[in-house]
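First comes the structure, then the notes that go with it.
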Amino acid sequence: MFEKLLEQAAKGDIDEELALSILEGAREPGNALKLFGLASKVRDETLGPDLYWSGGGIRAAVHCKIVPRCKYCTYYARGDFKLDTIVKSAKIMEDIGLKQIHLVGGANLQGYDKEVMEIVQAIRAVSDLGIGLNFGCSLSEETIHKLKGMNVFGVTIALETINEDLFSEAKPGDSLEKKKELMDICEREGIPIHAMLFVGLGGTLEDRVKLMFYVKQYSQLTNLSFSRFYPYPGTAYAGHERCSPWELATAVAVARLVLPKADLGIAAGNTADDIPLWYMAGGGNRLQGVYTADNQVVPGPGELVTRVDDEHVIISRMPVVKQYVEGMGRRISFED
């Protein structure tokens, strides 16, 4: 029975009902392995077998002003990066060989237009690096329009869940409606959309499938990333169950059938150890290996540290990721 579901999906004839049936059936490991095989085949046929370094992540570019705070998040506790630190970090990442950077910040429902434009313009003054933006729904249509000619390769919009009740419960100060509006703006302006799904936050398998099909309607969608829930101490959701990597992998595999040409990434809550299963499940072909952190962060085994200033460092896990990728018989390189 499960094989017949996959045969139907392989023809490209997949709707929400079929996707949900496959996701439910993938709880059984034997079924999941068959699903992973199909998802990987689709990935290799559409994206190719090789992997590439994604842009380095410059985190906490601006402070999070969402109130009340999201119940699972510790981002509010991170201070802002100074503008010169952001620019210096970007130049270091460019020297490493990266072609893109991801600017990540907290959100502000009243808008971060001025702050984001200032950061982008400062980087543009010294570098032609592609820039990805992840600031929640903090950008206006006017700002999105201005960014079109500034080599912005994507705007991340972390819907996380399409279940309005679950969203409101976990993120009482945020706005799902504003996030949807920002997706509409990017679609009209022709700015690539990077969406995000939060696995393990709660809700149902049907919620996950509905989000996949919701983002599918956007012609500008290029990426869908998957966060894996981690119960951070000190948050309201500290007692919430840690999300299983298997649960994330089956969601990635179904998403590959729904969105064959999208880059399916792994985001917050995942580690380098999740890469092999993610890739086996039909994940994308881009991996982030470099990110900023404060100088108190202890690097993991094999990770390299470059000091930016007295308070910040850049951590590279590229040697670790390269080892894992080559262990799978694949190669990872910088894009031309």
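The values are calculated or read from the model by the stated rules, or taken from the named source; none is laboratory data. Values in this document were obtained by computation on a predicted structure and should not be read as measured data. Ideal geometry is used to build each Cβ from the backbone, glycine not excepted, and the neighbour counts take in all protein chains shown.
One residue alone among Ala32, Ala19, Ala61 is among the aliphatic types (A, V, I, L, M), at pLDDT below 95 and either assigned to a strand (DSSP E or B) or crowded, with 19+ Cβ neighbours inside 10 Å (or both), and that residue is Ala61.
Of the numbered criteria (1) under 17 Å from Ala39 (Cβ atoms); (2) in a strand (DSSP E or B), the one Lys261 fails is (2). Just so you know, in segment 278-336 the residues that are among the acidic types (Asp, Glu) and in contact (Cβ under 8 Å) with a residue 12 or more places away in the chain include one that is surrounded by the most Cβ atoms within 10 Å (Cβ to Cβ), and it is Glu303.
Looking across segment 146-170, the residues that are under 15 Å from Lys71 (Cβ atoms) and in a helix (DSSP H, G or I) come down to Asp165, Leu166, Phe167, Ser168, Glu169, Ala170.
The sole residue among Gly106, Gly173 that is assigned to a loop (DSSP other than H, G, I, E, B), out of contact with any Asp or Glu (no Cβ under 8 Å at 6 or more places or on another chain) and modelled with pLDDT of 95 or more is Gly173. Looking only at residues in segment 80-127 that are among the polar types (S, T, N, Q) and within 19 Å of Asn151 (Cα to Cα), the one that is surrounded by the fewest Cβ atoms within 10 Å (Cβ to Cβ) is Gln121.
Considering segment 109-119, the residues that are free of Cβ contacts under 8 Å to residues at least 40 places away in the same chain and either outside any loop (DSSP other than H, G, I, E, B) or polar (S, T, N, Q) (or both) include one that is nearest to Lys179 (Cα to Cα), namely Asp113.
Put simply, of Gly130, Gly173, Gly149 the only residue that is without any contact (Cβ under 8 Å) to a residue 12 or more places away in the chain and surrounded by fewer than 23 Cβ atoms within 10 Å (Cβ to Cβ) is Gly149. With the structure loaded, tell me whether Gly173 is closer than 25 Å to Gly239 by Cβ and touching a Cys at 6+ places or on another chain (Cβ under 8 Å) or whether it fails that test. It is true that Gly173 is closer than 25 Å to Gly239 by Cβ and touching a Cys at 6+ places or on another chain (Cβ under 8 Å).
Scanning segment 223-250 for residues being closer than 17 Å to Gly284 by Cα and under 14 Å from the mean Cα position of the chain (by Cα) gives a total of 7. Taking segment 183-210 as the range and being part of a helix (DSSP H, G or I), buried (at least 24 other Cβ atoms within 10 Å of the Cβ) and under 16 Å from the mean Cα position of the chain (by Cα) as the test, only Arg208 passes. Taking strands (runs of 3 or more DSSP E) as the structural unit, no element lying wholly within segment 265-320 holds at least 3 residues that are under 14 Å from the mean Cα position of the chain (by Cα) and over 21 Å from Thr85 (Cβ atoms).
Hey, among the residues in segment 3-16 that are farther than 17 Å from Arg208 by Cα and of a type outside the set (Gly, Ala, Ser), which one's modelled with the lowest pLDDT? So the residue we want is Asp13. Of the residues examined, Thr74 is one that is touching a residue at least 40 places away in the same chain (Cβ under 8 Å), in contact with a Phe, Trp or Tyr (Cβ under 9 Å, 6 or more places away or on another chain), farther than 30 Å from Val126 by Cβ and surrounded by fewer than 20 Cβ atoms within 10 Å (Cβ to Cβ).
If you go through segment 236-258 and keep only what is under 23 Å from Glu28 (Cα atoms) and outside any helix (DSSP H, G or I), you end up with Glu241, Arg242, Cys243, Ser244.
One line per residue, one yes/no per condition, for (1) out of contact with any helix residue (DSSP H, G or I) (no Cβ under 8 Å at 6 or more places or on another chain); (2) over 27 Å from His145 (Cβ atoms); (3) modelled with pLDDT under 95:
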residue: Pro192; (1), (2), (3): no, no, no
residue: Gly200; (1), (2), (3): no, yes, no
residue: Val209; (1), (2), (3): no, yes, no
residue: Tyr214; (1), (2), (3): yes, no, no
residue: Thr222; (1), (2), (3): yes, no, no
residue: Ser225; (1), (2), (3): yes, no, no
